[in-house]
Structures are given as structure tokens and as C-alpha cells.
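Please treat every number below as a calculation from the coordinates, not as lab data. Keep in mind that what you see is a predicted model, and the values were worked out from it rather than measured.
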Amino acid sequence: MKQQRGLSLIFALLALLALSLGAVALVRSVDSGTTVLGNLGFKQETVASTERATQTAIEWLAANATALDTDNTAVGYYASATDNLDATGQLSSNNSRVLVDWNGDTCAYASGTVTGKCTLAARTVASAGATEPVTLRYAIFRLCSATGAPTATGNSCAAPANSGAGVANDKGSLDYSKPAPLTGTAQGTYYRIVVQAVGARSTSSITETIVQF
């Protein structure tokens, strides 16, 4: 009887140990799941908040339609497309990349070497967020090859074409060998709005919007 009671105690202790380990694993699993859900929530909030900065940038473009041929770095506006722009700072293999100094810390967010490439400023427009503060910044790039008027010699700007049928020589006839010519007239210029939103736990999101003015 004494030997049986001793074995029962050992088995009971082993069972208790197994239950304890299972409980610890369950707690850690629940904690990890909560952390992941929380991070996703913060990420979604930063993405949703970027719309406010985008709208602010669009309003600025509309209010300054006559002054868009030159850079205005104080408000994060650039009158050319800025080739090799690396807004996220992840293209460390591109030796000619150009970075946006989103946080005013000499592009500390970027991977790799950034010396001499952190040349673009952004505009901080607002702090927004339903539950936590979200800092919003934007930079606007006119999709032109150079500053100056879009129609200036040597300048090429991205713009939609407004195509319309021209006058054919044989009016009213259906002759595929003599199609009516198409005429194209550029309507406005494209602008690229890049927005960064930084929320709780340093959660960061970057969005890009193309608009036409």
C-alpha cells in the first residue's frame, strides 16, 4: 500500500506539471494573439488617417494652382518628379536613391547608407486618430522632368490625353483604309502625393496618391 501511494503521488505531480506547462503555453498564446491584433489595429488606424493628409495636400494644390512651376520645400512641394525617389527607405541597393527626411532626423528610418541622399523635406499637417495620436506628413511631386512651365522647351510632364476624332476626307463613308485621324490635347498635369502616418508603438504607414490638376 505504501508503494502504491508513493507512485500515485508521483503521477499526480507529473499531471500537475503538465497542466501547469499547458496553462503557461495558453497564456503566452493568448498574449501573442492580443499583441498581433493590437498591432494590426494600430496599422489600420495609420492607413485610414493618411486620407486626411492627402486631402490637405489636394487643397493646397488647388489653392496654389498658379505657383506650381517651382519648388516650395517649406510645404513639401517639388515641381519635378524626383527620379529614384525612395519614400520608404528600403531600397538600400540603389546607390542613386533620394530620400524624404520624414522625421527631421537625417533619414534615420532608412536602411543602408543615406549620406548625401536625404535631401527632401516633408510637411507636417496634423495629428489625428480615433484612439491614439497619429502624426501625418506629406510630400508632393509634380510628374514633370524639370521645374518650370509644363510647356517649356525640354520639359515633359505626365498628363492624360484628350483624344477626339478629326475631320476625315471622305465624310459619311465607311472606309477602313482611310480612318479619321485622332487629335490629342493634354488636360492638366499629374501630381504624386506621398503621405507618411506614424501612430502608436511607432507604427508607420506610407501611401501614394496620383491626382490631376
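In whole Å and largest first, what semi-axes does the C-alpha gyration tensor of region 69-156 yield when each eigenvalue is scaled by 5 and square-rooted?
On the way: eigenvalues 126, 73, 18 Å².
The equivalent ellipsoid of region 69-156 has semi-axes of 25, 19, 10 Å.
Amide H contacts of LEU120 (H built 1.01 Å from N, in plane; Pro and chain starts excluded): LEU99, ASP101 sit under 5 Å, all sequence-distant by 5 or more or on other chains.
In order along region 59-66, the phi-based Karplus estimate (6.51 cos²θ - 1.76 cosθ + 1.60, θ = phi - 60°) of 3J(HN,Hα) comes to 5, 5, 4, 5, 7, 10, 4, 8 Hz; Gly and Pro are listed as x. Under 5 Å from the amide H of VAL134 lie the amide H atoms of ALA128, GLY129, each residue being 5 or more positions distant or on a separate chain, with H modelled from the backbone and absent for Pro and chain starts. Converting phi to 3J(HN,Hα) with the Karplus coefficients 6.51, -1.76 and 1.60 and the offset θ = phi - 60°, region 201-207 yields 6, 6, 5, 10, 9, 10, 10 Hz in sequence order, with x at every glycine or proline. Taking amide H as placed 1.01 Å from N in the peptide plane, ASN72 has its amide H under 5 Å from the amide H of TYR77, TYR78, ALA79, each at least 5 places away in sequence or on another chain. The phi-based Karplus calculation (6.51 cos²θ - 1.76 cosθ + 1.60; θ = phi - 60°) puts the 3J(HN,Hα) values of region 96-107 at 10, 5, 10, 10, 9, 7, 4, 9, x, 10, 6, 6 Hz, whole numbers, x for Gly and Pro.
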